[in-house]
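Step one of this worksheet: look at the structure below.
The values are calculated or read from the model by the stated rules, or taken from the named source; none is laboratory data. No experiment lies behind these values; they were computed from the predicted model shown. Here the Cβ positions follow ideal geometry from the backbone for every residue, glycine too, while neighbour counts run over all protein chains shown. Just the protein is used for accessible areas: all its heavy atoms, side chains included, with ligands, DNA and RNA removed. Shrake-Rupley method; radii C 1.70, N 1.55, O 1.52, S 1.80 Å.
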Amino acid sequence: MSDLAREGELLWRPSREAAEASELHRFWRWVERREGRELEDYRALWRWSTDELEAFWSAIWDYFALGPPVPPDRVLGRATMPGAEWFPGARLNLTREILRRAAPEGPVVFHTSENRGQGSLTRAELVEAVHRVMAGLAAAGVGPGDRVVGLLPNLPETAICLVATAALGAVWSCCSPDFGRQTVLDRFTQLEPKVLIAVDGYRYGGKDHDRRAEVAAIAAAIPSIQRVVVLPNVFDPSERPAGSVTYAEAFPPTSEVPPIADTAFDDPLWVVFTSGTTGLPKGIVHGHGGVAIELLKNLTLHGDLRAGSTFFFYTTSGWINFNILVASLITGTRILLCDGHPAHPAPDRLWRLVDEYGVTAFGASPAYVQLMRKLGIEPAGRFGLSALRSVALTGSPVSPEHMVWFYEHVKRDLRVVSTSGGTEVATAFYGGAPTEPVRSGEMQVPGLGIAVAAFDDAGRSVVGQVGELVVTRPMPSMPLRFWKDPEDRRYRETYFDTWPGIWRHGDLLVVTPSGGGVISGRSDSTLNRFGIRIGTGEIYRIVEAFDEIRDSMVIDVAGPGGGSELLLFVVPAEGAVLDEALRARIAERLKTEGSPRHVFDRIEAVPAVPYTLTGKKLEVPVKRLFSGVPPERAYSADAMADPTAIEPYLRLAAEASARS
């Protein structure tokens, strides 16, 4: 059994020299000179940035030279949520900013895949590739506001198509090719795209997957599609779907390049979708200006990315983190794109890439760390990792053990950052700061310019106790709207119904006395035990510390007599058995490390935990099953990474219903 780490324990502190060399420190001192005031610590800087919102975002605009200086009274034309109007009248195109800021010498994009090997693009090569796609899309009739969609993996062509689409003022959206046909149609049909760009197949874990039939079916089902472009990735180009053209045919070399569109700050850039596990996925529309200014702030000041950095986040193309990774070129950093299985052909594949490419900032999910822990991977003993300065963990709650693992098995001098953000805002509400210490299990700081807090049920800001994560003032990267959402009805219902004018994100947050934060789970899957709210992450941290447990899921449902019943599902590790002795040990550990309220009423062994395509546990759909909701209304199989994983829960829910 692994020991649990102590939450809040100091794990790392930057040296004075390192802190003062950071981009955050430079900006901080620049603000003090500009404002003629002293901001004695990060907390004071953050308070200024949220109390004086217009002055802060005007400073960000000027510091990063996004255009002619903008006075504070031209920052927020309308400050209401939803519907805030940022930088009215400003013109800004994300592609123009990316291409003018990308590193002028050497590679700017590294890429590697299971079946295509390794390669790189210089800025000149990136510009030429983007120009080809711009010209080809324009020749196909694509202009401002038109939609271009991709069914593409994490490849350089995917990044190029995103940047080229944005250059024309058109709107980009992408699904990973492992998405099921109906999942793709649920998203792309809403958008009524003009062009579909897709791969013929992909390789994952050494196995080839043919997507040609799906590409043809998707194109046939969406009448708005006028051109289908197929990128040969696995199969012979001559065997592509009928009526399609190859990527090379659609985007040949050209000297006739259309101009980059003169887009407004709030013109639509891309549409990213929620998981859609229990209904039609919501299309989140982000704007050129909001994404550009927020990522410059977040990635440069909080992430410390700059010229000479190399940024690598293992992600699929259907997740907002792919868009962020590509857009991070705006900071002058190099990026690494990785397609394929993270542990194929060897479990340490990603660490080999981090070492080989001199990655300075690496991003992954807690689930990946859990895999490394279970496999006993020791990166420190195999690789130098001399360039690695920071690691960011996101996608699900981060436990103290996740963070401690890096210091024990990767590198002592490392900033391990737990972050919490969302697809909805393309950034982190809470994250890291290179000037601040790292504490076990905690996010370092709230983001500059983000008025984030934890609210109790009465709508009061609380510290040191579980509350709803809320944002009380507008952010530039909040959605412009949901796609096809007349009068913003669905948007308001999702985020603003609980407290009008206040964004309720749906996460449970504890603001620590030191100013850090801890996410303990989703509020819609909160466990209510005898009037006390418990985040599911608290349970997972304790249960998954057992060597005998590979994964787990917990829900609470209505129990006999009007109470609640806590159901714990565990996936035993290879060779382990959930016997009475192990049940008793788990119960005792939950009681002593958590509280008597953390102890399950029933525990079941299952072969797998169901996850969404973006790696989140399907707690709410499983809870709906056990609450008697019919399967067809409880979840969408096409939105799941492995639809077969839900089958044991269907059986167990039916048995529970028969007993009641």
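Calculated FRET efficiency, Asp547 and Arg43, Cβ-Cβ r, R0 45 Å, to nearest 0.05? Can you show the working numbers first?
Values: r = 40 Å, r/R0 = 0.89.
The calculated FRET efficiency here is 0.65.
Please state the shape class of the range 509-660: rounded when a/c is under 1.5, otherwise prolate if a/b exceeds b/c and oblate if not, all from the C-alpha gyration tensor. Mind showing how you got there, number by number?
Numbers: a/c = 1.29, a/b = 1.20, b/c = 1.08.
Cα axes put the range 509-660 in the rounded bin.
Cα gyration tensor of the range 560-616, axes a ≥ b ≥ c as square roots of the eigenvalues: rounded (a/c below 1.5), prolate (a/b > b/c) or oblate?
Oblate, because a/c is 1.5 or more while a/b does not exceed b/c.
Can you tell me the mean projection area, over all orientations, of the convex hull of the range 429-478's alpha carbons? Units nm², please. Don't jump to the answer; show the numbers that get you there.
Details: hull surface 17.0 nm².
Computed as one quarter of the Cα hull surface, the answer is 4.3 nm².
Quote the charge dipole size of the chain about the Cα centre in Debye, to the nearest 20; the model charges only the Cβ of Lys and Arg (+1) and of Asp and Glu (-1).
The calculated dipole for the chain is roughly 380 debye.
Which residues' amide hydrogens lie under 5 Å from the amide hydrogen of Phe313, considering only partners 5 or more residues apart or on another chain, with H built in the peptide plane?
Amide H neighbours of Phe313: Leu336, Gly363.
Mind grabbing the base-10 log of I(q)/I(0) for the range 337-380 at q = 0.16, 0.18, 0.19, 0.25 Å⁻¹? Debye formula, identical points on the C-alpha positions, no solvent, two decimal places.
-0.41, -0.52, -0.58, -1.04
With each run of n ≥ 4 DSSP H residues scored as -39500 (n - 2.57), what mean residue ellipticity at 222 nm is computed for the chain after dividing by its residue count and rounding to the nearest 500 deg cm²/dmol?
About -9000 deg cm²/dmol.
What is the set of long-range amide H partners of Thr246 at a cut-off below 5 Å, with H atoms built 1.01 Å from backbone N?
When sequence neighbours closer than 5 places are left aside, the close amide H contacts are Val230.
Give me the distance in nm between label points sitting 7 Å out from Cα along the Cα-to-Cβ direction at His341 and Arg91, one decimal.
If labels sit at His341 and Arg91, their model points lie 5.1 nm apart.
Given points 7 Å out from each Cα along the Cα-Cβ axis, report the Thr254 to Asp236 separation in nanometres with one decimal.
Here the answer is 3.0 nm between the modelled labels.
Can you give me the distance in nm between label points at Thr246 and Glu192, each placed 7 Å from the Cα along the Cα-to-Cβ direction?
3.4 nm
Looking only at Cα atoms, what is the convex hull volume of the range 345-440 per residue, in Å³?
Each residue corresponds to 109 Å³ of Cα convex hull volume.
Please give the per residue volume of the convex hull enclosing the alpha carbon atoms of the range 459-529, rounded to a whole number of Å³.
Considering the Cα atoms of the range 459-529, their hull volume per residue is 117 Å³.
Once every Cα of the range 383-502 carries one equal point scatterer and solvent is ignored, give the base-10 log of I(q)/I(0) from the Debye formula at q = 0.10, 0.11, 0.16, 0.23 Å⁻¹, two decimals.
For the range 383-502 at q = 0.10, 0.11, 0.16, 0.23 Å⁻¹, log10 I(q)/I(0) is -0.40, -0.48, -0.87, -1.38.
How long are the semi-axes of the equivalent ellipsoid of the range 575-644, defined as square roots of 5 times the Cα gyration tensor eigenvalues? Whole Å, largest first.
Calculated on Cα positions only, the semi-axes equal 28, 15, 12 Å.
Per residue, how many Å² of accessible area does the chain show with a 1.4 Å probe?
On the way: 25030 Å² over 660 residues.
Ligands and nucleic acids excluded, the result is 38 Å² per residue.
With the cut-off at 25 Å, tell me which of the pairs Lys484/Lys623; Lys411/Lys617; Lys282/Lys617; Lys194/Lys484; Lys374/Lys623 have Cα atoms farther apart than that. Intermediate results must be reported in sequence, preceding the final value.
Numbers: Lys484/Lys623 29 Å; Lys411/Lys617 29 Å; Lys282/Lys617 19 Å; Lys194/Lys484 17 Å; Lys374/Lys623 27 Å.
The pairs that break the limit, which is 25 Å between Cα atoms, are Lys484/Lys623; Lys411/Lys617; Lys374/Lys623.
Efficiency by 1/(1 + (r/R0)^6): what FRET value for Ala641 and Lys484, r their Cβ-Cβ distance, R0 = 22 Å, to the nearest 0.05?
0.25
Each residue of the range 465-477 in turn: what ³J(HN,Hα) in whole Hz from Karplus with 6.51, -1.76, 1.60 and θ = phi - 60°, glycine and Pro shown as x?
9, 5, x, 7, 6, 10, 10, 9, 9, x, 10, x, 9
Three principal axis extents, largest first, for the C-alpha atoms of the range 97-197, in Å?
In descending order, the Cα extents are 42, 33, 20 Å.
Give the Cα extents of the range 252-355 along the principal axes, in whole Å, largest first.
So the extents along the principal axes, rounded to whole Å, are 46, 43, 38.
When DSSP assigns beta bridges and you keep just the ones with both residues in the chain, what percent turn out antiparallel, to the nearest 5? Mind dumping the intermediate values first?
Numbers: 56 of 96 bridges.
Approximately 60 percent, going by the DSSP bridge assignments.
For the range 1-157, taking Cα atoms only, what is the radius of gyration to one decimal and the Dmax to the nearest whole Å?
Both quantities, over Cα of the range 1-157: 21.9, 62 Å.
Just need the relative contact order of the chain here, percent rounded to a whole number, with Cα pairs under 8 Å and 6+ apart.
Details: 1373 pairs, mean separation 92.1, N = 660.
Normalised by residue count, the contact order of the chain is 14 percent.
So what does Arg389 come to for accessible area, using a 1.4 Å probe and Å² rounded to 10?
For Arg389, the solvent-accessible surface is approximately 100 Å².
Through the Karplus equation 6.51 cos²θ - 1.76 cosθ + 1.60, θ set to phi - 60°, convert the phi angles of the range 107-119 into ³J(HN,Hα) values in whole Hz; use x for Gly and Pro.
Karplus-based 3J(HN,Hα) across the range 107-119 equals x, 10, 10, 9, 8, 8, 8, 5, 10, 10, x, 10, x Hz.
Can you give the translational diffusion coefficient of the range 282-437 in µm²/s, computed by Stokes-Einstein from the Kirkwood radius over Cα pairs at 20 °C and 1.002 mPa s?
For these conditions, the coefficient is 135 µm²/s.
Relative to the compact globular guide of 2.2 N^0.38 Å, what is the alpha carbon radius of gyration of the range 167-322, as a ratio?
Details: Rg = 17.5 Å, N = 156, 2.2 N^0.38 = 15.0 Å.
For the range 167-322, the normalised Cα radius of gyration is 1.17.
Sort out the exposed loop GluC sites (Glu not before Pro) in the chain (DSSP loop, at most 13 other Cβ within 10 Å) and tell me the longest stretch that has none. Before the final figure, lay out the partial values.
Working: sites that count: Glu38, Glu40, Glu105, Glu256, Glu574.
Result, exposed sites excluded: 257-573.
Tell me, rounded to the nearest percent, the portion of alpha carbon pairs in the range 65-141 spaced more than 22 Å apart.
Details: 1522 of 2926 pairs.
Tail fraction, whole percent: 52.
Based only on the alpha carbon positions, what is the Kirkwood hydrodynamic radius of the chain, in angstrom?
Details: mean 1/r = 0.0390 Å⁻¹.
After inverting the pairwise mean of 1/r, the radius is 25.6 Å.
Based on alpha-carbon centroids, what's the gap between the range 413-485 and the range 265-316 in Å, whole number please?
Here the answer is 15 Å between Cα centres.
Please report the carbon-and-sulfur percent of the accessible area for the chain; probe 1.4 Å, protein heavy atoms only, DNA, RNA and ligands left out.
Answer for the chain is 49 percent, counting heavy atoms of protein chains only.
DSSP loop (so not H, G, I, E, B), at most 15 other Cβ within 10 Å: list which trypsin sites (Lys or Arg not before Pro) in the range 396-438 pass both filters.
Arg412
Residue by residue through the range 54-70, which ³J(HN,Hα) values in whole Hz follow from phi under the Karplus form 6.51 cos²θ - 1.76 cosθ + 1.60 (θ = phi - 60°), with glycine and proline marked x?
The phi angles translate into 5, 5, 5, 6, 5, 5, 4, 4, 6, 4, 9, 6, 6, x, x, x, 10 Hz.
For Ala307 and Val463, calculate 0.36 nm times their separation in residues minus their Cα-Cα distance, and state this gained length in nm to one decimal.
52.4 nm
Give the long-range amide H neighbours of Thr427: residues separated by 5 or more places, or on another chain, with amide H under 5 Å away, using H modelled in the peptide plane at 1.01 Å from N.
Gly422
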